[in-house]
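One structure below.
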Amino acid sequence: MGATTDRPGAAGRSGIAVRLDALPVTRLHWVIVILCALGLLFDVVEAGLSNALSAVFSAPPHRVPPFELSLLLASVFAGGAVGAPLLGWFADRHGRRIALGSALLVLALASMLAATSADIAWLTFFRVLSGLALGAYPPLMVAYLSDVLPPAQRGKMILICGAIGFLGAPAVVFLIRALTPLQPFGFEGWRWALVIGAIGSAIVGLLFGWLPESPRWLAAAGRGGEAESACRQFEQSAGASAPPTTRAAPSVREPQNESFWSLAGRRYRLRAALLAAMYFLSPWATIGFPLLSGAVLIEKGFRVSDSLLYVGIAMFGPSIGVLVGSLVIDRVERRTALALSAGAMALFALAFAASDTPVLLMAAGIGFNLIAAIYAAALSIYDAEQFPTAMRASVGSTTWAVNRVASALVPLALLPLLKAAGALALCGVIAAALLASILLIVTFGPRGLARRPVD
């Protein structure tokens with residue numbers, strides 16, 4: 001399964017791909033990264049809202065039965081399990097840019113509806129609709145960035161994008177904490193968070209219409225003229241001009257014998273199976289820990305306001321983590337980065353369960369979220385690097401959908417476990433899932449493409 005014997009060289013790639021990979025990082029690259037990061041920020045605001053809701057609806061006056069709370073927390077992930085493969089299929093057929101913009105506009109509409117929900121049943125329903133977009137945006141964003149970013153800087157720039165986007169998690173927690181006692185115009189704090197997130201998602205979704213489509217995807221789709229035009233935008237941003245000998249090259253489609261379901265596509269099916277397994281295991285840690293940390297603190301006797309404070313501070317971990325990780329991500333083999341990150345997360349989870357003092361809880365929480373962000377980003381990059389352009393979005397979004405299915409199961413399984421057996425048992429499950437991930441990636445994982453062109 002090793003990747004070293006089945007990667008095409010430059011001769012096997014279109015002229016568009018060769019030209020894109022030869023460019024330095026340009027102003028246009030940074031515009032794309034920043035706009036993608038803002039979209040991710042509002043996506044994370046919506047996902048991070050669940051972390052705050054787990055504390056808000058675990059205590060008076062909003063306390064609800066554990067099963068209803070589990071359904072609410074699972075709803076957004078259930079929607080993602082459906083939305084991710086659908087929008088991934090759409091992106092491979094109609095373009096990355098329009099798929100990303102559409103996901104954010106759907107998110108904006110669903111969030112506005114959730115903000116007006118009359119009870120927890122309606123809130124749960126509208127959170128399912130939000131999940132249709134939430135589940136699709138991260139893998140589509142990574143597919144788009146993998147298409148257009150220079151190979152030597154790809155991992156670094158995707159992690160910088162993540163560092164900005166992950167700021168949405170602490171932002172929404174502190175926003176709700178500040179607005180809950182104020183309730184401007186009689187509107188509860190969590191409802192204001194939904195409204196603000198909806199407005200931001202709509203603005204960024206519309207701005208995606210100004211970005212160029214992926215020239216690599218246009219070339220793979222056989223749209224040579226549009227690919228040439230889009231590629232020239234990047235070259236002009238770099239102050240370069242297209243070589244005359246390569247201007248007509250990109251009108252060739254991906255070979256049919258490289259399709260996912262063909263005999264030659266067996267290697268892609270094996271990679272997809274491995275990544276689906278990795279994505280199934282990861283949310284038991286990366287989702288379970290931050291999602292239930294507020295509830296764990298309530299169980300330990302902390303007040304809701306204090307719990308939101310600790311959760312909010314811990315949520316700065318992802319941005320710090322991916323920013324630090326961006327300095328080394330392209331210098332460490334992808335499998336090594338994933339295995340080391342998983343081992344560190346397991347240790348931090350067990351330390352959190354064993355702690356009772358605020359300082360130790362915050363330190364363990366920040367440490368876990370810091371490493372978890374590096375792990376999640378590295379896994380997404382690793383996924384995108386395993387598949388050629390023509391199937392990158394659809395296969396990556398489908399494997400990501402397995403993550404959304406597991407994420408929907410996490411609160412349904414772990415919240416009752418927390419209530420019945422306590423924090424140590426909960427964190428033991430998290431550590432076991434991480435150890436299983438290490439075994440999979442070390443035993444079966446092909447090499448990643450750090451500092452190398454994607455297929």
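The values are calculated or read from the model by the stated rules, or taken from the named source; none is laboratory data. In this text the structure is predicted, and so the values were computed from the model without any measurement. Note that we place each Cβ from the backbone using ideal geometry, even for glycine, and neighbour counts take in every protein chain shown. SASA here: full protein model, heavy atoms, side chains in, ligands and nucleic acids out. Shrake-Rupley method; radii C 1.70, N 1.55, O 1.52, S 1.80 Å.
For the pair residue 89 and residue 333 in one chain, pulling the backbone fully straight at 0.36 nm per residue adds 84.9 nm over the alpha carbon distance. Near residue 115, once Lys and Arg are set to +1 and Asp and Glu to -1 for all other residues with Cβ below 15 Å from its Cβ, the sum equals -1.
In a fully extended conformation the segment linking residue 324 and residue 68 would gain 88.3 nm over its present Cα-Cα distance, using 0.36 nm per residue. Counted residue by residue at 0.36 nm each, then reduced by the alpha carbon distance between them, the extension gain from residue 199 to residue 261 reaches 18.3 nm. Shape descriptor for the range 21-127: Rg over Rh equals 1.09 (Cα atoms; Rh from the Kirkwood inverse mean 1/r). The distance linking the range 102-162 with the range 378-425 is 15 Å (Cα centroid to Cα centroid, whole angstrom).
If R0 is 45 Å, the Cβ-Cβ spacing of residue 340 and residue 185 corresponds to a FRET efficiency of close to 0.40. Placing a pseudo-label 7 Å from each Cα along the Cα-to-Cβ vector at residue 236 and residue 34 gives an inter-label distance of 2.0 nm. Solvent exposure of the chain amounts to 37 Å² per residue of accessible area, where only protein heavy atoms count and the probe is 1.4 Å. By the Kirkwood approach, averaging reciprocal distances over each pair of separate Cα atoms, the range 127-244 gets a hydrodynamic radius of 17.3 Å.
So, R0 is 35 Å and r is the distance between the beta-carbons of residue 117 and residue 354; what FRET efficiency does that work out to, to 0.05? Calculated transfer efficiency: 0.40. When the P(r) of the range 159-201 is calculated, the portion above 15 Å amounts to 46% of the C-alpha pairs. In degrees, nearest 10, range 0 to 90: what is the angle between the Cα axis of helix 224-237 and the longest Cα principal axis of the chain? For 224-237 against the chain, the angle is about 70 degrees. Computed in the context of the full set of protein chains, the accessible area of the range 77-207 at 1.4 Å probe radius has 78% of its extent on carbon or sulfur. The residues neighbouring residue 94, those whose beta-carbon lies less than 12 Å from its own, together hold a net charge of +2 under the Lys/Arg +1, Asp/Glu -1 convention. The equivalent ellipsoid that matches the C-alpha gyration tensor of the range 301-453 spans semi-axes of 30, 18, 14 angstrom, in descending order.
Calculate the FRET efficiency for residue 25 and residue 269 from the Cβ-Cβ distance with a Förster distance of 25 Å, rounded to the nearest 0.05. Approximately 0.15, to the nearest 0.05. The base-10 log of I(q)/I(0) for the range 130-180, evaluated at q = 0.20, 0.31, 0.32 Å⁻¹, reads -0.79, -1.10, -1.12 [Debye formula, identical scatterers on Cα atoms, solvent excluded].
Taking the centroid of alpha carbons for each part, the range 28-54 and the range 72-95 are 16 Å apart. Rg and Dmax, both from the Cα atoms of the chain and both in Å, are 21.5, 70. The accessible surface of the range 316-362, taken with every protein chain in place and a 1.4 Å probe, is 78 percent carbon and sulfur. Its Kirkwood hydrodynamic radius, worked out from the mean inverse distance over all distinct Cα pairs, puts the range 343-422 at 15.0 Å. With the simple spin-label model, which puts each label point 7 Å out from Cα in the Cβ direction, the residue 432 to residue 413 separation comes to 0.9 nm.
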